[in-house]
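**Q** A single structure is presented below for examination.
The values are calculated or read from the model by the stated rules, or taken from the named source; none is laboratory data. What you see is a predicted model; the values in this text were computed from it and never measured. Cβ sites come from the backbone with ideal geometry, for glycine too, and all protein chains shown count toward neighbours. Areas reflect the complete protein model, heavy atoms only, side chains present, ligands, DNA and RNA absent. Shrake-Rupley method; radii C 1.70, N 1.55, O 1.52, S 1.80 Å.
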Amino acid sequence: MCKNNMSESIASEIIKKYEPIEKAKQESQMSVEGFIRYIYSSECLLFNSEFEKVYQDMHHPLNDYFISSSHNTYLISDQLVGPSDIWGYVSALVKGCRCLEIDCWDGSQNQPVVYHGYTFTSKLLFKTVIQAVHKYAFIASDYPVVLSLENHCSPAQQEVMADNLQSILGDTLLSDLLDDFSDKLPSPEALKFKILVRNKKIGSLLETYARKGSDKHGQVEEYEEYEETDQDEEEDKVKESPSLDNLKNSPEIQRLPVSKKKKVKVAVALSDLVIYTKAEKFRNFQYSSQYQQFNESNSIGESTARRLSKLRVHDFIRHTTKFITRIYPKATRADSSNFNPQEFWNVGCQMVALNFQTPGLPMDIQNGKFLDNGNSGYILKPQFLRNIETEFNPRKAPEDSNPITLTIRVISGIQLPPSYHSSSNKADTLVIIELFGIPIDQIKHQTRVIKKNAFSPRWNETFTFIVRVPELAMIRFSVENQNVITGNEFLGQYTLPVLCMNKGYRRVPLFSKTGESLEPASLFVYVWYTR
C-alpha cells in the first residue's frame, strides 16, 4: 500500500473507494483491478498533496521568498527576429509566474510599445499588455504580481504608461504605502491581489507620499546613473585567469565595472507608482550595505552574478537576505536559451528570470521548484538564506545541516512514449535520476537499458543519495531512448523538490519537453528517506 503506518480503517476506506468487485469489497479484500485503480489515483502520486495548497507562512517580507520570474516575457521565440505576443504574458501567468518583464519604447501616436529594442522582434501596444495582465494576473495565484519595466520611453510616453496602469489596473495597482512607518517590505499576504510596478524612481517614499493627490502632468526629474560594461567580457576574464585566488584581491571584483554615466529622465507620474520595488543599479556589496534602501532591488546579469557567487559568496548571500535581487540571462543568449536557476537560488536570489518560452532542463527545474506551496509563485527561503548573520556557503558542506539518506527503487514503467527515431516505435528505454542543489549534492544515476520495450519495461534497480541540504534539493526523473550514434532521445520527465516527495510505492507522472502531460505514461517507484 502507498500510505505509511496505514491503519486498518484507512485501508478499509481505500477498498470501499477503489474496489469494483462487490464481493471483494464486502470481505475487505482488494482485487488486481482495484489495486490498479488505487495506484493510478492521485493518492499514489509521488508529489505529496499536502504541498498542493499554500501551507507556508506568507507573512514574511517579500525578500524572504523565491519568486517565480520570467525574462522578456513578451517574446515567444528568439531574442532577435521572433514575434512578441500577448500569449507570452498569458501563459506565464497561468503557470504561476509572479514577475513579468516589459520592455517599453516610444511608439507612434503617443502610444508606448513593447518589444526587444534594436532588434526585429514585432511590437505590442503597452496598454494591450496591461489589459492582459489585468485579466490573467490572479488566475493561478492570489499573491502579488511584479511588473518589471525595462523603460526606454520619453517622459511624455511614460505619462501615458502611468495613465494606462492606473486606468486599466484600477484598485489592483499598488500605488500607495501600506504602512507609513515601516522600513521592511510588506508580505505576500499583505499584497494579495495587488500588482506592483518595478521601475526607476525619483526621491524617497516620503516625497512620493507628500505628492499624493497632486497634479503631476509634465513633471520630469533627471538623474545620472552608471552604465555597465559587457558582462560576458567580465565572465571571460574570470575563465581566462590562471587562478581565482589571483582575482580575490583585485579591485575588479569589489565593484561592477562601469564605463560611463548617462542621464535618465523619469516622469514623476510613473515614478510615483513605484513603491516597494524600486529598480536600482547594483554597484557593489559595500555600497548596498551602507546606502541601499529596503524598497530598492537590483538586476544583475547571469555572468556577473555567477562571478560574484564564486568570489564573494558570503557577501552575496547577506545581500539577498536584505534586498530583492533579480538575475537575468546574458545578452549572448539570442536563441532564448536558459541557465540553470539552481545556482542562483543557492545564494538566495529571489527573482531568477528565465525565458519561459524555451523548454528544457532549466525550465523543468523552474516548473518543479514552484510546484511547491500550492504553485503560488512564492516559496519561503530556508532559514539559512533569510538570516543576515548566516555563514552558509553552498560550495561547502554545511556543518550544521540536517542531511537525509534518500533511497529510490525504480521498479517499472507503463505506456512510455514511443521512439520517433525507430521504424517500429519500440524504444530502448532507460531512466535517469538527477539531483540538483548545492554542488556537493548534485549527482546523476542511470538504470540499465530495456531493449525494445516502452510499454511495460521493468528495471527494479535501487539507488541511494546522501542529500546534505535537502531544503534546496530538486530531483528529476527522465526517461530516454538509448541511441549510441545520435545521442539519447528524450521521452519524458518529472521534476519536483526532494522534500515534496511522498514515501512508499509511488507513481511518477511524465511530461513532454514542452510541459504537456503524457498520461497514462508513468514510472512506478519506491521512495524512502531518513534523517
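**Q** With all protein chains present, how much of the accessible area of region 47-180 (probe radius 1.4 Å) comes from carbon and sulfur, to the nearest whole percent? Show your work: numbers first, answer last.
**A** On the way: 2710 of 5380 Å².
Ligands and nucleic acids excluded, carbon and sulfur give 50 percent.
**Q** Assigning unit charges at the beta carbon (Lys, Arg +1; Asp, Glu -1) and nothing else, what dipole magnitude in debye, to the nearest 20, does the chain show about its Cα centre?
**A** For this selection, approximately 960 debye.
**Q** Still on this model: As a test of the formula, what do you get for the chain when each DSSP H run with n ≥ 4 contributes -39,500 (n - 2.57) and the sum is divided by the residue count, at 222 nm and rounded to the nearest 500 deg cm²/dmol?
**A** Calculated at 222 nm, the ellipticity per residue is -6500 deg cm²/dmol.
**Q** Can you pull the one-decimal nm distance between simple spin-label points at residue 167 and residue 383, each 7 Å off the Cα toward Cβ?
**A** Distance between label points: 5.2 nm.
**Q** Rounded to the nearest 0.05, what FRET efficiency do residue 484 and residue 139 give with R0 = 35 Å and r taken as the Cβ-Cβ distance? Could you check? Mind dumping the intermediate values first?
**A** Numbers: r = 45 Å, r/R0 = 1.28.
It comes out at approximately 0.20.
**Q** Give me the lysines in straight-line cross-link reach of residue 23: C-alpha distance below 25 Å, same-chain residues under 8 apart excluded.
**A** 3
**Q** Now a separate question. How large is the convex hull of the Cα atoms of the chain per residue, expressed in Å³ as a whole number?
**A** 181
**Q** Could I have the simple spin-label model distance between residue 224 and residue 152, label points 7 Å from Cα toward Cβ, reported in nm to one decimal?
**A** Using points 7 Å along Cα→Cβ, the separation is 2.4 nm.
**Q** Here is a further query. Give me the accessible area per residue for region 397-530, probe 1.4 Å, as a whole number in Å².
**A** Heavy-atom accessible area per residue stands at 44 Å².
**Q** Order these peptides, 129-141, 515-527, 337-349, by their mean beta-carbon neighbour count within 10 angstrom, highest first.
**A** In descending order of packing, they fall as 337-349, 129-141, 515-527.
**Q** Any chance you could give the angle, 0 to 90 degrees and rounded to 10, that helix 126-136 forms with the longest Cα principal axis of the chain?
**A** Value to nearest ten degrees: 40.
**Q** Then there is this: May I ask which residue of 500, 304, 118 lies farthest towards the positive end of the charge dipole of the chain, with charges of +1 (Lys, Arg) and -1 (Asp, Glu) on Cβ and the Cα centre as origin?
**A** Final value for the positive-end residue is 500.
**Q** Given Cβ point charges of +1 (Lys, Arg) and -1 (Asp, Glu) and nothing else, what value in debye, to the nearest 20, does the dipole of region 397-530 about its Cα centre take?
**A** Using only the charged Cβ atoms, the result is roughly 540 debye.
**Q** Among 282, 93, 373, whose Cα sits farthest toward the positive end of the charge dipole of the chain (+1 at Cβ of Lys/Arg, -1 at Cβ of Asp/Glu, about the Cα centre)?
**A** My answer, from the dipole projection, is 373.
**Q** Kindly express, to the nearest 10 degrees and within the range 0 to 90, the angle between helix 231-240's C-alpha long axis and the longest C-alpha principal axis of the chain.
**A** Taking Cα atoms only, the helix is inclined about 60 degrees.
**Q** While we're looking at this one, here's another question. With every protein chain present, what is the per residue accessible area of region 320-371 (1.4 Å probe, Å²)?
**A** 23
**Q** Please calculate how many Å² of accessible area region 150-197 carries per residue, with a 1.4 Å probe and no DNA, RNA or ligand atoms counted.
**A** Computed with neighbouring chains in place, this is 46 Å² per residue.
**Q** May I ask which of 381/503; 200/396; 444/503; 216/262; 17/192 have a Cα-Cα span longer than 32 Å here?
**A** Pairs exceeding the cut-off: 200/396; 17/192.
**Q** Magnitude of the Cβ-charge dipole of region 73-186, K/R +1 and D/E -1, about the Cα centre, nearest 20 debye?
**A** Working: 6 positive and 14 negative charges, 92 e Å.
Roughly 440 debye for region 73-186.
**Q** Specify the angular offset, from 0 to 90 degrees and rounded to the nearest 10, of the alpha carbon long axis of helix 313-322 from the longest principal axis of the alpha carbons in the chain.
**A** 80
**Q** Okay, next question. Per 5 Å bin, what is the whole-percent P(r) computed from every C-alpha pair distance within region 397-530?
**A** Bins of 5 Å from zero give 2, 11, 21, 22, 18, 13, 8, 4, 2, 0, 0 percent of pairs.
**Q** Compactness ratio of region 327-415: Cα Rg over 2.2 N^0.38 Å, N = residue count?
**A** Against the compact-globule rule of thumb, the ratio is 1.34.
**Q** What percent does the relative contact order of the chain come to when contacts are Cα pairs within less than 8 Å and at least six residues apart?
**A** 16
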